[in-house]
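Take a look at the structure set out below.
The values are calculated or read from the model by the stated rules, or taken from the named source; none is laboratory data. Given the structure is predicted, the values throughout are model-derived calculations rather than measurements. For the accessible areas, the whole protein counts, side chains as well, though only heavy atoms, and no ligand, DNA or RNA atoms are used. Shrake-Rupley method; radii C 1.70, N 1.55, O 1.52, S 1.80 Å.
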Amino acid sequence: MKRAAATTIRPVSTIARPRHGTEAAEPSAPASTPVAADAVVFRTRADEVYAQLKRDVAEFILVPGDRFTENEISDRLGVSRTPVRQALFRLQQEGFVEVLFRSGWRVLPFDFEQFEQLYDLRMILETSAVHRLCEADRRVDRSLLDELAAIWLVPAAQRSTDMAQVAAWDEAFHCSLVAAAGNAEMARVHRDVTDRIRIIRRLDFTQQPRIDATYDEHAKILKAVRANRGDQAAMLLRAHIETSQAEVRKITLHQVHLARHAGRAPR
């Protein structure tokens, strides 16, 4: 069985917007989303194992087809088998892994039909959000838009070339657009979709031209939103997502293994 490198479970922390030239923060929520100070108290060891294993999948430490046992995960993370088993059952329900009869666990292959459906849902949520952002009578979170402008509306010389960092910022960009529109339920559903397509989106940032295109496209979307041009912003956003969706259809397992190798290379 393939064994992943030793991993330490990361502590719970608030999400901070990364600065240019620094390591990217985990993008599971928009930068300005408040996290309760006492949230750590209610986070179980199983929750921490679950979060770590999802990161392992998103960061290509575990890739489709990899097999492992509960004991291997316990040893790697330094925890007992009970929270590992609880975390794996959660991941099984979400379609990330499957249990093998007397043979441990296996990371499931990509479900491209499901990814297509999730991208369609993402399109509806995000284009609706930018229309709301451009409506004069709406109360929107302008501070979130200002934070995005500080990242994406910068001169070319100040753009980040760190693929992992740009992937994190890209995810935060789209989450922040939806969050800024002020509909908490819409933002919650969008975060769930984002969580489920994270590994696919990160594969989209293994080529420098995609990073350059992302900066250009995000800048155009932001400028349209700030000018309250809702139809234009939605059109640009739709084209942006469709480009990413088209790249998903080209993904091969070979690309995933290349991404894992790149992730293990010294930086």
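Structure summary
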| read-out | value |
| --- | --- |
| Cα shape, the stretch 106-166, gyration tensor, a/c 1.5 rule | oblate |
| Solvent-accessible area, 1.4 Å probe, carbon plus sulfur percent, for the stretch 161-237 | 49 percent |
| Length added when fully stretched, residue 86-residue 249, from 0.36 nm per residue minus Cα-Cα | 55.4 nm |
| The stretch 155-256: C-alpha gyration tensor shape, a/c 1.5 cut-off, then a/b vs b/c | oblate |
